[in-house]
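Colleague: Structure incoming, see below.
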Amino acid sequence: MKRTKPGNIPADVYIQFVRSLFNSVHTVLVGSLIHTLLAFLVFWKNGNPIYIPLGILLFGVGIWRYLGMLKFTKTGTIANRAEAAAWERHYVIRGSVQALAIGLFCLLAFYPFNDHFAEMVAILMTFGSIVTVAGRNYGSPRMVAVFSAAFLLPIGVGLSLRANIPDVVLALTVFLFFFIVRSTADNVRDVLFSAVIGHRKAKQIAQRFDRALNTMPHGLVMLGPNGRVVVANSEAAHLMAAASTELLLGRSLKSLMMRGAAAGYLSRKDAQFAEAQLTRALHEGRDRKLLLSFSNGRHFEFSTREGNDELGVITFEDVTARVEAEGRVRFMARYDNLTGLPNRAYFHERVMEMMAGGDRDRLCGLAVFDLDDFKSVNDTLGHPVGDGLIYAVAERLGAFAEEDVLISRFGGDEFMIFFDRITDEADFTRKLDRIFEGLQGEVDVAGHCLRIQCSAGTVLGAVGETDVDGMIVKADLALYKAKDLGKNGWRSFETSMDEAFRNRQVMKADLRSAVEGRALRVVYQPIVAMDTMRIASCEALCRWDHPQLGPISPSVFIPLAEEMGIVSEISSFMLAAACAECARWPRQIPVSINLSARDFRNSEIVEKVRNALSDSGLEPHRLEIEVTETALLDDKASTQLYLKELKALGVRIALDDFGTGYSSLSYLHTLPLDKIKIDRSFLIDVARNERSLELLKGIVKLSRQLGLLVTVEGVETFEQLKILALKVRPDMVQGFLFGSALTASGIDTMSTTVWPFANEISVAKRAARR
């Protein structure tokens with residue numbers, strides 16, 4: 001064993017070693033009395049007076065040492081290493097004096113007084129005292145050395161002084177005992193030192209384990225082979241409503257679960273279920289997780305693990321935050337964030353579940369609600385106000401939710417309601433009328449008073465004869481019909497709607513093929529100069545001749561193209577074709593092309609116009625781009641920017657359908673316009689209504705003052721033309737009075753033709769001047 005040097009001993013261990021020197025202090029007093037008694041016994045046996053003072057010396061030194069040790073026991077504390085060293089010095093000094101006194105007795109017993117009884121007493125005294133060297137004084141190597149030397153060396157010296165071989169050999173043996181005693185004391189000290197260090201390390205490990213065990217956020221219990229708790233931490237005690245972990249030791253798993261039930265955390269049924277599941281997992285030697293929801297709203301996940309030596313480990317973690325987060329994620333996945341209503345996917349799932357159960361012959365109904373003109377709310381008041389309106393509608397619809405009535409926000413401004421049990425069609429009608437009545441009225445959203453107005457499409461059918469997807473499609477078709485019929489109402493699905501829808505889908509496919517195959521054609525409506533009655537310009541119009549259905553009206557296929565997102569492709573075709581045809585006409589005739597609002601949603605429109613001019617060789621001033629107020633409403637800023645870029649190319653800009661928007665006058669001031677085209681609605685009653693006439697005259701006068709040309713659209717009668725010529729005097733007119741739209745060659749042929757109305761208009765003008 002490796003020797004432990006005193007300087008290497010930790011302070012706390014050294015203090016314990018020094019403290020051990022002062023243990024059993026009364027044995028020192030008893031030993032001193034024995035030493036004194038033996039000295040007087042030798043005097044009594046051999047009558048040598050030298051043993052009287054020796055006895056007195058042994059008694060006095062023993063009492064002195066005893067009193068010194070008694071002083072330590074009364075003080076009782078050693079604060080640090082320095083104090084321990086001072087007390088060791090105190091012990092060594094007094095112990096050394098006593099040891100020297102005993103050694104003197106032993107020396108005199110062997111030499112020069114050669115008395116067998118005194119030698120026996122000396123040996124008895126030496127070996128009686130030498131026991132304390134290893135038993136008491138192992139903690140002080142100096143004291144061991146002094147005692148060993150003082151007890152053994154005097155005997156060895158006395159034997160050596162006799163000068164005969166047996167005594168000298170015996171003396172050498174005594175000297176060897178000196179080293180044996182020291183080695184034994186060192187071994188005792190090392191063993192005890194290792195034990196103390198091991199105990200301290202074990203204590204540290206135990207403290208660390210206890211700290212780790214009791215500061216971990218999870219509860220933990222370890223079960224012995226008999227199924228009883230052998231280890232538990234403070235979190236486990238807290239969960240089980242125990243004052244300390246000791247109260248859990250020795251309990252069975254069933255007892256722990258029942259304690260949780262007694263505390264009101266679990267129902268008795270849940271406690272029994274948990275105990276059975278955890279016990280089975282431990283017996284089968286497999287890991288298992290079990291989630292338990294407590295009555296106080298907290299959630300714990302119990303985990304079983306099989307440990308070593310047949311120890312089973314159960315941990316339980318507070319997963320309330322995780323469970324609540326998972327609940328929020330599930331809610332977000334199933335419900336609409338704004339309204340809290342089921343979303344499209346969850347609605348579909350719930351309706352499928354509802355339809356799968358119950359009587360398959362029962363009637364069920366589905367209604368799709370869509371807010372009318374909701375886009376204008378977002379565009380004019382902003383999306384936060386639009387969201388507020390959606391929320392208000394959801395609140396009103398939510399009042400109609402019942403066990404068999406499921407309400408969903410399907411997306412955007414669309415809501416869907418499923419009725420699981422409908423008595424008959426009249427019952428369905430009553431329910432829908434009640435919902436529409438509940439939706440009516442105004443709501444205040446961020447200080448804006450908004451009126452709720454919506455349209456709906458419905459479908460009614462037997463559960464066993466339909467499915468969710470089919471009902472949604474049919475309800476959507478009915479919704480489209482309700483919108484077409486003027487909104488703010490609801491329509492039920494009819495078979496004819498399905499047929500119309502299918503025809504519409506076929507027409508969409510045919511239109512796409514026509515656009516991709518360039519099967520559309522362009523015609524041109526003349527625009528006539530008011531003063532000469534000759535063609536001053538013409539407007540390019542798109543025509544589609546369907547192979548089976550014949551000519552399709554632009555009022556039908558243009559909205560379809562906008563819905564399909566291919567209207568810009570039609571615009572590209574029109575630009576290319578019209579520019580190419582116009583380049584072959586007389587130079588005094590330009591062409592006008594009406595672009596859609598979608599064309600002005602990105603800067604590609606400028607490049608399209610530039611390419612059409614470049615490919616055709618048409619001079620830019622002969623191309624006129626007509627823009628509607630609808631395009632300006634979509635994105636006024638970007639449309640203005642693109643119009644300025646087009647103007648920079650040399651292209652002329654006209655505002656089409658002037659007077660149909662709510663902010664037309666502001667456009668005259670802010671847009672780079674060359675011309676305005678007054679909508680046909682101003683001409684409808686111009687011959688009978690003086691106010692309409694004055695309004696028309698005012699618009700023309702204002703436009704001229706701003707340097708703009710004026711074209712009046714929708715001229716269909718000679719009477720209208722005459723009023724325009726005599727009283728309004730626009731620059732140009734356009735309408736069916738001058739015939740239907742012409743082909744490109746027709747425009748070329750009619751380019752120098754004067755319309756026969758010219759003479760009559762001239763006569764009327766002369767008559768008016770008279």
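The values are calculated or read from the model by the stated rules, or taken from the named source; none is laboratory data. From a predicted model like this one, the values you see are computed outputs, not experimental measurements. In this analysis, Cβ positions are derived from the backbone assuming ideal geometry, glycine residues included, and neighbour counts consider all displayed protein chains. Keep in mind that these areas ignore ligands, DNA and RNA; they rest on the heavy atoms of the full protein, side chains included. Shrake-Rupley method; radii C 1.70, N 1.55, O 1.52, S 1.80 Å.
Colleague: Among all stretches of the chain without exposed GluC sites (Glu not before Pro) (DSSP loop, at most 13 other Cβ atoms within 10 Å), which one is longest?
Modeller: Counting at most 13 other Cβ atoms within 10 Å as exposed, the longest clean stretch of the chain is 404-770.
Colleague: Rolling a 1.4 angstrom probe over the protein chains, ignoring ligands and nucleic acids, what is the accessible area of D387 in square angstrom, nearest 10?
Modeller: 70
Colleague: What's the FRET efficiency of A500 with K765 using the Cβ-Cβ distance as r and R₀ = 51 Å, to the nearest 0.05? Mind showing how you got there, number by number?
Modeller: Details: r = 52 Å, r/R0 = 1.02.
The pair A500/K765 has a calculated efficiency of 0.45.
Colleague: Moving on to the next point. So which of K608/K677; K608/K701; K483/K701; K431/K483; K644/K765; K375/K481 end up more than 31 Å apart, counting from Cα to Cα?
Modeller: K608/K701; K483/K701; K644/K765
Colleague: Identify, among S303, T173, L643, the residue whose Cα sits farthest towards the positive end of the charge dipole of the chain, taking +1 on the Cβ of Lys and Arg and -1 on the Cβ of Asp and Glu, with the dipole about the Cα centre.
Modeller: Result: T173.
Colleague: So which aspartates and glutamates pass the test for K74, namely a Cα distance under 19 Å, with those fewer than 8 places away in the same chain ruled out?
Modeller: By straight Cα distance, K74 reaches E83, E88.
Colleague: Please list 3J(HN,Hα) in residue order for the stretch 683-696, calculated via the Karplus relation 6.51 cos²θ - 1.76 cosθ + 1.60 where θ = phi - 60°; whole Hz, with x for glycine and proline.
Modeller: 9, 4, 10, 5, 6, 10, 10, 5, 5, 4, 5, 4, 4, 5
Colleague: Based on the Cβ-Cβ distance of R162 and R142, what FRET efficiency does E = 1/(1 + (r/R0)^6) give at R0 = 41 Å, to the nearest 0.05?
Modeller: 0.85
Colleague: Sticking with this one: Is the stretch 410-473 best put as rounded, prolate or oblate by its Cα gyration tensor, with a ≥ b ≥ c the root eigenvalues, rounded for a/c under 1.5, and otherwise prolate when a/b is larger than b/c, oblate when not?
Modeller: The shape class here is oblate.
Colleague: While we're here: Under 11 Å from a point placed 7 Å out from the Cα of I684 along the Cα-to-Cβ direction: which residues of the stretch 531-571 have their backbone N that close?
Modeller: No residue qualifies, since no backbone N sits under 11 Å from the label point.
Colleague: Taking 8 Å as the Cα distance limit and 6 or more residues as the minimum spacing, I'd like the relative contact order of the chain as a percentage.
Modeller: Working: 1132 pairs, mean separation 46.0, N = 770.
Answer for the chain is 6 percent.
Colleague: Heavy-atom accessible area per residue, the chain, 1.4 Å probe: how many Å²?
Modeller: On the way: 38500 Å² over 770 residues.
In whole numbers, the chain has 50 Å² accessible per residue.
Colleague: Determine the shape class of the stretch 37-122: with a ≥ b ≥ c the square roots of the Cα gyration tensor eigenvalues, call it rounded for a/c under 1.5, and otherwise prolate if a/b is greater than b/c, oblate otherwise.
Modeller: The shape class here is prolate.
Colleague: Could you size up the charge dipole of the chain around its Cα centre, putting +1 on the beta carbon of Lys and Arg and -1 on that of Asp and Glu, and report it in debye to the nearest 20?
Modeller: Numbers: 88 positive and 88 negative charges, 937 e Å.
Computed charge dipole of the chain: roughly 4500 debye.
Colleague: Taking the stretch 514-563, which trypsin sites (Lys or Arg not before Pro) meet the DSSP loop condition and have no more than 15 other C-beta atoms within 10 Å?
Modeller: Sparse-neighbourhood loop trypsin sites (Lys or Arg not before Pro): R518.
Colleague: So how far, in whole Å, is the C-alpha centre of the stretch 11-84 from the one of the stretch 689-756?
Modeller: Here the two parts' Cα centres lie 141 Å apart.
Colleague: Hey, which aspartates and glutamates would be in cross-link range of K254, C-alpha to C-alpha under 15 Å, not counting anything within fewer than 8 residues on its own chain?
Modeller: Counting by Cα, and skipping residues close in sequence, K254 has these aspartates and glutamates nearby: D270, E275.
Colleague: So if I place +1 on the C-beta of Lys and Arg and -1 on the C-beta of Asp and Glu, and nothing else carries charge, what would the dipole magnitude of the stretch 713-754 be about its Cα centre? I want it in debye, nearest 20.
Modeller: 180
Colleague: If you don't mind, another one. Using Stokes-Einstein with the Kirkwood hydrodynamic radius over Cα pairs, what translational diffusion coefficient do you get for the stretch 472-583 at 10 °C and a viscosity of 1.306 mPa s, in µm²/s rounded to a whole number?
Modeller: Stokes-Einstein gives a translational diffusion coefficient of 96 µm²/s.
Colleague: Calculate for the chain the 222 nm mean residue ellipticity that helices alone would give, adding -39,500 (n - 2.57) per DSSP H run of length 4 or more and normalising by residue count, nearest 500 deg cm²/dmol.
Modeller: Calculated from helices alone, the mean residue ellipticity at 222 nm is -18500 deg cm²/dmol.
Colleague: Among DSSP beta bridges whose residues both lie in the chain, state the antiparallel percentage, nearest 5.
Modeller: On the way: 64 of 88 bridges.
Counting only bridges with both partners in the chain, antiparallel ones make up about 75 percent.
Colleague: Within the chain, what whole-number % of the accessible surface is contributed by carbon and sulfur, with the 1.4 Å probe and all protein chains included in the calculation?
Modeller: Its accessible area is 56 percent carbon and sulfur atoms.
Colleague: Right, next: In nanometres, what is the gap between the two model label sites at F736 and R512, each 7 Å from Cα along Cα-to-Cβ?
Modeller: 3.4
Colleague: In addition: For a quick check of your reading of the filter: which chymotrypsin sites (Phe, Trp or Tyr not before Pro) in the stretch 372-469 sit in a DSSP loop and have no more than 13 other Cβ atoms within 10 Å?
Modeller: Details: sites: F374, Y391, F400, F410, F415, F418, F419, F428, F436; in loops: F400.
Passing sites in the stretch 372-469 do not exist.
Colleague: Assign one of three labels to the chain, namely rounded, prolate or oblate, based on the Cα gyration tensor with a ≥ b ≥ c the square roots of its eigenvalues; rounded applies when a/c is under 1.5, prolate when it is not and a/b is larger than b/c, and oblate otherwise.
Modeller: prolate
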